[in-house]
Amino acid sequence: MPMYDYLDELESRTIYILREAYNRVKPLGMLWSIGKDSTALLWMIRKAFYGRVPFPMIQLDTEMELPEVYEFRDQLVKDWGFELKVELCPPEEEMDQTLPPATRSATRKTEGLRNLLLRDQYRGMILGIRRDEQSMRAKERIFSPRTLDGKWDFKDQPAELWDQYKTDFPQGTHVRIHPILHWTELDIWRYTLREKIPYVPLYLSQNGKRYRSLGEKNITFPIDSNASTLEEIIAELEVTRQPERAGRAMDHDSEDSFERLRAGGYM
Amino acid sequence: MTSKNLTQLNMVIVGHVDHGKSTLIGRLLYDTDSLPEGKVEELKAISEKRGMDIEWSFVLDAFQAERDQAVTIDTTQIWFKTEKRNYVIIDAPGHREFLKNMISGAAAADAAILVVDADEGVQEQTKRHAYLLHLLGIQQVGVVINKMDLVGHKKERYDEVSQEVVDYLAHLGITARFIVPISARHGDNIASIAEKTMPWYDGETVLSNLDKLQIQPPLVDRPMRFMVQDVYRYKGDERRIIVGRVESGILNKGDKLLFSPSNLEATVVSLEKWNSEKEITYAKAGESMGFTLDKPIFVERGHIASTHDNPPMLTRVFAANIFWIAHHELKEGMLLTAKFGTCSWPVMVQSINKVINTDDLQNENQKQVKRNEMAEVVLRSSEMMALYSYVNNPRTGRLVLFDKYDVVGGGIIDMAKFADQRNVSKAADLYSVEHLLRRENREWRNGHKGAVIWLTGLSGSGKSSVAMEVEKLLFNQEKQVYVLDGDNVRNGLNRDLGFSDEDRSENIRRIGEVAALMADAGMIVITAFISPFKEDRMRARAAAGQSFHEVYIEADLATCEQRDPKGLYQKAREGKIKEFTGISSPYEAPDNPEIVVDTQHHSLEECAQQVLTYVNDVTKV
């Protein structure tokens, strides 16, 4: 099996960011979507803190994930023994009805997160987003401040250089922390393979279809693929020209649908 | 898996607004076949909607505001690959207003491409960006003269503009790695040579020039520097793991480390990484690592470990070349926070030596620095800082300035005009002010040494009773003695502190410092605080050094709760007091106290006598 040594550097950087976050920002939590990215990140949290997970994992649950996702979740909590908090998101009827349908559905998570932040007063929330997923995410900072209701002022982001992160904030703001912003989809799969990190089996092909990106069942669709092992997924991604989030309906409702989602506080 | 190189080169594209940075990137992606399927069609549609031909820059300008105004607002990153390797392109806004975003993008780069419009030539931001590349320490700079189609592909114009750029860069000590005439919109000289439009050009394409640039290697060949990020201790785990990153050099198991600015030394017993199959014997520059030491010396976030013979400089004052990005002006006398690595110090702007005009590189004779200007300043701290000149160690020789919550500037440290103060000891520093009196003089007159007798134990264990009793006995022996306890400290010195973890820790830190000063002044100081955390007590020990003596006042929780002299346990049990030591907050008993006093099985008199004997012994002149 290839060792992919270049991943050591990416991992080292992520561990550095995690330790900064844990030292500088309290109380801290992480949104675990149960997908490949945040599960790889959870693995790196265990590395950073010597086998421990020193802050809660939070799932924003719309009760619309695929059954395999819930199964995987419960098994991993059991195997790794960490604290999981499940935050139920408000129903779609309560969302802004002027939004396009898939975007409206995705907004439920934004609202769930807002409720959580207001109630539990987290100062920092770790997220497993990556720059190469989506062009809006490419413009993110590693430590990205938000107002308490989650708004992202993307036109005036703080300067961020030489691993000096903005970690002090006035009351009323929280910070989103993005420790794997610099990883790509391929990096994550190579890392998952190398480290033998568990993943939801839906990523593997069955009957010519597989999920490349996991989301709620009503707004996420599998892609055509015969990749039924991690090695095959990696080989597929090394040549594909399909964007990763092609199967995520909310990105494609309108030109700026994802921008509106993110400015409003979406992950 | 092929043996193809998977490492990536980070490259920033800079230049004046509208000189075509985003277009160049769009074209690079298109020519290397890196755009996702359907992207070209999407771009066409979005461009048409705004009445344009295909606009390559929309690949990167993701915000609707960016597309509507056709201007890049924030930095972004995008991936592409050539036959040789992978690239991350960092697009940086050229507009003056977004300089802080340009800096955020450029600081992470191995190399830069400076884009200059052939028609407009070198402009204000061309120069400013070039200067910033110099300040950010980016050595590999390539130049493209863009929009050659607008000047009729004329060689004369190309020669003129490229000479202007080369001259300016030369003043900054930068030699351009390549200069290529291009037309990004039409793809001329990007991936293939434009034989038709620019037959006079005899160089290589932008892409083949890029493949010749080098990824900045980690600084393995520089002296070892380890920045302490945190210290981890876990229940049921004996290890005290010091975590952080090797910034330069190599850290080996068995190395004897010198910590700065504390000047304490200890040896690395083990390197610690979770889930590692084999024992780790070394860690290279760039690695996040943890280690344990042979001695329980005081180490905290911000300390820098080095080898004994090649430590960083210690100083309270240093010069820096900085950029300033705050809306308000930088002035002499201003208080800021300087951070580098995990260190953070309050600093005062002692002087503004010069403000650099990036247009002609002349020094302006002004005493304030405006937004987006660069300057040479001298900064001073009341504390001893461990520093290194940027030229000696880029990783630890650069700093970022904060004003309250915000990043307001940054730059590189220049220690050329300052002397290392490491060998000028703390005590010697004091003599220079006090001249005549030394600690020994005071001890001689008092007839005993100064000392910090640090009592620690649960609430109700008898700390105060023992302290008062010992004080009385020492006083009767005509010793200089004083008890610090909650009553005389909380009302004044620490009036501003509450009972959060941070405040409790700060409470103990201040008491430790005050006690150390009093001991230095010749007094025997007895402190009577629960001080439940080892870390805090270790800090107090670090402040007082040899004069520190830890006394564990031992009684079990049940006994203390039964005594409950102030009724606090009852309140804690009823939930009226939160975070009460022993009930809802842990007490970390000392590992190696100088003495243990068992108040559970001995009378107050016996206990006081035991402490008295010990104190008399250790304060003997």
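Structure data summary
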{"quantity": "Qualifying residue in the range A:112-132 (condition: closer than 20 Å to A:Val200 by Cβ and open to solvent by 30 Å² or more (accessible area, probe 1.4 Å))", "calculated": "no"}
{"quantity": "Selection from the range B:479-500 of residues that are part of a helix (DSSP H, G or I) and either in contact with a Lys or Arg (Cβ under 9 Å, 6 or more places away or on another chain) or of a type in the set (A, V, I, L, M) (or both)", "calculated": "B:Val489"}
{"quantity": "Candidate set: the range A:133-153, residues that are closer than 24 Å to A:Pro243 by Cβ and open to solvent by 20 Å² or more (accessible area, probe 1.4 Å); chosen: the one modelled with the lowest pLDDT", "calculated": "A:Ser135"}
{"quantity": "Every residue from the range B:307-323 that is surrounded by fewer than 23 Cβ atoms within 10 Å (Cβ to Cβ) and either assigned to a strand (DSSP E or B) or at pLDDT 90 or above (or both)", "calculated": "B:Thr307, B:Met313, B:Leu314, B:Thr315, B:Arg316, B:Val317, B:Ala319, B:Asn321"}
{"quantity": "Residue match in the range B:233-241 (condition: open to solvent by less than 60 Å² (accessible area, probe 1.4 Å), at the interface with another protein chain (Cβ under 10 Å from one of its Cβ atoms), at pLDDT below 90 and closer than 20 Å to A:Ala48 by Cβ)", "calculated": "yes"}
{"quantity": "Filter result for B:Lys154 (over 29 Å from the mean Cα position of the chain (by Cα) and either within 15 Å of B:Phe178 (Cβ to Cβ) or not hydroxyl-bearing (Ser, Thr, Tyr) (or both))", "calculated": "yes"}
{"quantity": "Residue match in the range A:206-226 (condition: part of a strand (DSSP E or B), modelled with pLDDT of 80 or more and under 24 Å from B:Ala109 (Cα atoms))", "calculated": "no"}
{"quantity": "Extreme residue, farthest from B:Met102 (Cα to Cα), among residues of the range B:327-342 that are at pLDDT 90 or above and of a type in the set (A, V, I, L, M, F, W, C)", "calculated": "B:Leu336"}
{"quantity": "Test: B:Leu271 is closer than 29 Å to A:Ile197 by Cα, in a strand (DSSP E or B) and more than 10 Å from chain A (Cβ to nearest Cβ)", "calculated": "yes"}
{"quantity": "Any chance A:Ala159 is closer than 30 Å to B:Phe323 by Cα, part of a loop (DSSP other than H, G, I, E, B) and within 12 Å of chain B (Cβ to nearest Cβ)", "calculated": "yes"}
{"quantity": "Selection within the range B:66-90 - modelled with pLDDT of 75 or more and either within 8 Å of chain A (Cβ to nearest Cβ) or in contact with a strand residue (DSSP E or B) (Cβ under 7 Å, 6 or more places away or on another chain) (or both)", "calculated": "B:Ile78, B:Trp79, B:Phe80, B:Lys81, B:Arg85, B:Asn86, B:Tyr87, B:Val88, B:Ile89, B:Ile90"}
{"quantity": "Matching residues, the range B:374-395, being farther than 25 Å from B:Val246 by Cα, surrounded by 23 or more Cβ atoms within 10 Å (Cβ to Cβ) and small (Gly, Ala, Ser)", "calculated": "B:Ala375"}
{"quantity": "Pair list, Cβ under 6 Å, 6 or more apart: the range A:201-221 residue under 20 Å from A:Ile188 (Cβ atoms), other residue open to solvent by 30 Å² or more (accessible area, probe 1.4 Å) and of a type in the set (Ser, Thr, Tyr)", "calculated": "A:Leu202/A:Tyr211; A:Tyr203/A:Tyr211; A:Leu204/A:Ser228; A:Ser205/A:Ser228"}
{"quantity": "From the options B:Asp536, B:Asp520, residue that is touching a helix residue (DSSP H, G or I) at 6+ places or on another chain (Cβ under 7 Å) and open to solvent by 30 Å² or more (accessible area, probe 1.4 Å)", "calculated": "B:Asp520"}
{"quantity": "Hits in the range B:478-493 - residues which are surrounded by 11 or more Cβ atoms within 10 Å (Cβ to Cβ), under 23 Å from B:Gly522 (Cα atoms) and free of Cβ contacts under 8 Å to residues at least 60 places away in the same chain", "calculated": "B:Gln480, B:Val481, B:Tyr482, B:Val483, B:Leu484, B:Asp485, B:Gly486, B:Asn488, B:Val489, B:Leu493"}
{"quantity": "Only one of A:Ala21, A:Ala48 that is open to solvent by less than 20 Å² (accessible area, probe 1.4 Å), more than 8 Å from chain B (Cβ to nearest Cβ) and of a type in the set (Gly, Ala, Ser)", "calculated": "A:Ala21"}
{"quantity": "Residue list for the range B:396-416, restricted to those being more than 9 Å from every other protein chain (Cβ to nearest Cβ), open to solvent by 10 Å² or more (accessible area, probe 1.4 Å) and part of a loop (DSSP other than H, G, I, E, B)", "calculated": "B:Ala416"}
{"quantity": "Number of the exception - A:Leu202 against (1) of a type in the set (A, V, I, L, M); (2) open to solvent by 20 Å² or more (accessible area, probe 1.4 Å); (3) in a loop (DSSP other than H, G, I, E, B)", "calculated": "(3)"}
{"quantity": "Unmet requirement for A:Lys85, which otherwise passes all of (1) assigned to a helix (DSSP H, G or I); (2) of a type outside the set (A, V, I, L, M); (3) within 26 Å of B:Asp501 (Cβ to Cβ); (4) more than 14 Å from chain B (Cβ to nearest Cβ)", "calculated": "(1)"}
{"quantity": "Any hit, the range B:609-618, residues being modelled with pLDDT of 85 or more, among the acidic types (Asp, Glu), assigned to a loop (DSSP other than H, G, I, E, B) and more than 41 Å from the chain's Cα centre (by Cα)", "calculated": "no"}
{"quantity": "Residue count, the range B:327-376 (criterion: in a loop (DSSP other than H, G, I, E, B) and of a type outside the set (Val, Ile, Thr))", "calculated": "18"}
{"quantity": "Any hit, the range A:233-248, residues being assigned to a helix (DSSP H, G or I), touching a strand residue (DSSP E or B) at 6+ places or on another chain (Cβ under 7 Å) and either surrounded by fewer than 19 Cβ atoms within 10 Å (Cβ to Cβ) or at pLDDT below 95 (or both)", "calculated": "yes"}
{"quantity": "Residue within the range B:18-33 that is more than 14 Å from every other protein chain (Cβ to nearest Cβ), in a strand (DSSP E or B) and touching a residue at least 60 places away in the same chain (Cβ under 8 Å) present", "calculated": "no"}
{"quantity": "Residue within the range B:145-161 that is polar (S, T, N, Q), buried (at least 20 other Cβ atoms within 10 Å of the Cβ) and within 30 Å of A:Tyr165 (Cβ to Cβ) present", "calculated": "no"}
{"quantity": "Residues located in the range B:516-571, provided they are within 10 Å of B:Trp454 (Cα to Cα) and of a type in the set (Phe, Trp, Tyr)", "calculated": "B:Phe529, B:Phe548, B:Tyr552"}
{"quantity": "Lone qualifier among B:Leu132, B:Leu114 - being crowded, with 22+ Cβ neighbours inside 10 Å, farther than 26 Å from A:Leu7 by Cβ, within 13 Å of chain A (Cβ to nearest Cβ) and modelled with pLDDT of 85 or more", "calculated": "B:Leu132"}
{"quantity": "Some residue of the range A:26-36 being over 27 Å from B:Ser276 (Cβ atoms) and within 13 Å of another protein chain (Cβ to nearest Cβ)", "calculated": "yes"}
{"quantity": "Filter result for B:Asp591 (in a helix (DSSP H, G or I) and under 44 Å from the mean Cα position of the chain (by Cα))", "calculated": "no"}
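The values are calculated or read from the model by the stated rules, or taken from the named source; none is laboratory data. No experiment lies behind these values; they were computed from the predicted model shown. Here the Cβ is made from the backbone with ideal geometry for all residues, glycine too, and neighbour counts use every protein chain on show. Side chains are part of the model used for accessible areas, which takes the heavy atoms of the whole protein and leaves out ligands, DNA and RNA. Shrake-Rupley method; radii C 1.70, N 1.55, O 1.52, S 1.80 Å.
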